[in-house]
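Below is one structure; the comments refer to it alone.
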Amino acid sequence: MKFMKLKNKIMVPESKYAREDIINTMPSNVVSCILDFLPLQDAVRTSILSRNWRYKWTKMNQLVFNKDFFECIVRKKGDIDHGKIITRLLVHHEGSITKFVLYVPSDYKRFDQQDLSLWVKLLSRKSVKEMIVINKKPAPIILPTNIFSCVDLKRLILHCCCLPRNASIRGFPNLLSLDLDWVSCWEVLSLCPQLEVLKIYDPVCMTKMKQAEITKLKNLKELIFSLGMPYHDVAITSSHIFQLVGFLPKLHKLTLDLQHCKFSVDDAARNGALSVLHSLKFLEVLDLDYHNRAMVVFLFDLIQGSPNLKILKIKAVDKDRVWPSPVTYDEVKGGITGNLQQLRNVELELTKDSQVELSLIKCLLANCSLLQLMSISTPLYGTNGYFEFSAKLLMFSRASPEAKISIC
């Protein structure tokens with residue numbers, strides 16, 4: 001048995017765990033996982049733990065240069081060139097990078113396009129899988145052409161950036177998820193043949209996309225579209241939307257944000273609306289204005305044209321207009337007809353106890369034979385208001401004997 005000597009010279013048996021160095025003997029995958037959960041500046045500081053940990057951070061899977069990173073640098077080192085720090089970290093990094101995040105603060109004055117080009121070049125060599133660039137400066141960042149050399153990208157999120165427009169660009173052959181916020185470059189969409197998830201916040205992009213470009217998105221399964229911008233005078237017609245989703249054979253989840261949207265309906269869209277959304281199973285409509293007849297009619301066309309719809313979510317917006325809504329009960333009844341065979345779950349966020357909203361609830365209950373749950377969020381306050389609203393709902397007939405109504 002081994003013994004160890006203490007300061008008071010008392011000999012005690014040495015524990016079998018005494019010499020086991022847990023920190024330095026951890027597997028490399030465990031170390032990488034731990035470092036990925038730390039802020040980047042703290043992960044780099046682990047180099048002082050021991051000689052073995054000096055370069056552990058260089059094998060991190062994720063490099064996140066977020067807002068906290070920039071604030072930490074400014075707080076400790078003042079107004080220095082952050083670009084040199086990012087370049088140094090990328091140059092010393094070893095192995096592949098699964099995720100790269102770059103946050104550009106609004107007050108960042110030393111941003112250099114040449115630095116960005118170098119970073120992208122280094123990332124392309126490291127088989128980066130996910131790239132996020134969030135620009136908070138008023139002027140958009142012009143991304144370098146070599147961003148298309150990141151052929152291993154699976155997910156790309158851009159905010160206030162400009163993608164290069166070049167006839168020779170190759171696109172992203174393996175990209176699965178694309179999130180564009182204030183990025184006007186619809187040409188790149190047709191160069192992402194494997195794309196499954198698309199989130200786009202630019203109505204100009206939708207109106208200028210050509211049919212030939214849309215048909216190339218054959219694998220698209222989820223689409224989130226913001227159709228209105230406060231600083232753009234763009235009128236959206238229902239035919240634009242039906243044209244877009246009509247050529248997406250695998251689309252099963254659709255979210256439309258109608259905030260600040262100038263909306264109109266044309267007869268051509270209504271005539272072909274009921275035959276284009278057979279694969280759609282999830283529909284979410286945000287900021288629906290019940291005073292806008294075109295919006296309401298378009299909603300009815302979406303519902304009626306989705307025979308396999310299972311989940312419906314509607315969030316209304318209250319614009320402080322004089323009630324009642326110009327949409328009548330007969331129009332709601334005419335819009336929600338037939339037997340909606342597949343609809344299982346409905347979530348409604350109401351603005352007021354209005355006739356058009358009650359009519360919509362009534363028609364959905366009467367036509368959804370397999371409905372299981374209808375969740376209603378209402379701004380009504382007080383016990384009397386709650387019971388009065390509940391009493392109105394109890395008067396409505398239900399096509400589904402299992403339908404339950406939850407009010408909150």
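The C-alpha atoms of region 60-164 occupy a region whose extents along the principal axes are 36, 29, 20 Å, arranged from largest to smallest.
For the set Lys99/Lys136; Lys67/Lys121; Lys218/Lys253; Lys109/Lys154; Lys313/Lys362, the pairs lying more than 25 angstrom apart at their alpha carbons are Lys109/Lys154. When a 1.4 Å probe is rolled over the protein heavy atoms, the share of accessible surface on region 64-146 that falls to carbon and sulfur comes to 52 percent. Residue separation of Ser369 and Asn29 scaled by 0.36 nm, minus their Cα-Cα distance, works out to 117.3 nm of gained length. Extending 7 Å from Cα along the Cβ direction at Lys59 and again at Thr328 yields two label points whose distance is 7.4 nm.
Were the residues from Lys121 through Ala391 laid out at 0.36 nm apart, the gain over their Cα-Cα distance would be 90.7 nm.
Rolling a 1.4 Å probe over the protein heavy atoms gives region 26-145 an accessible area of 55 Å² per residue. With a Förster radius of 45 Å applied to the beta-carbon distance between Trp182 and Ile407, the computed FRET efficiency rounds to 0.75.
The values are calculated or read from the model by the stated rules, or taken from the named source; none is laboratory data. The model shown is predicted, which means the values in this text are computed figures rather than measured ones. Reconstructed Cβ throughout: ideal geometry from the backbone, glycine too, with neighbour counts over all protein chains shown. Just so you know, the surface numbers come from the protein's heavy atoms only, side chains and all, with ligands and any DNA or RNA stripped out. Shrake-Rupley method; radii C 1.70, N 1.55, O 1.52, S 1.80 Å.
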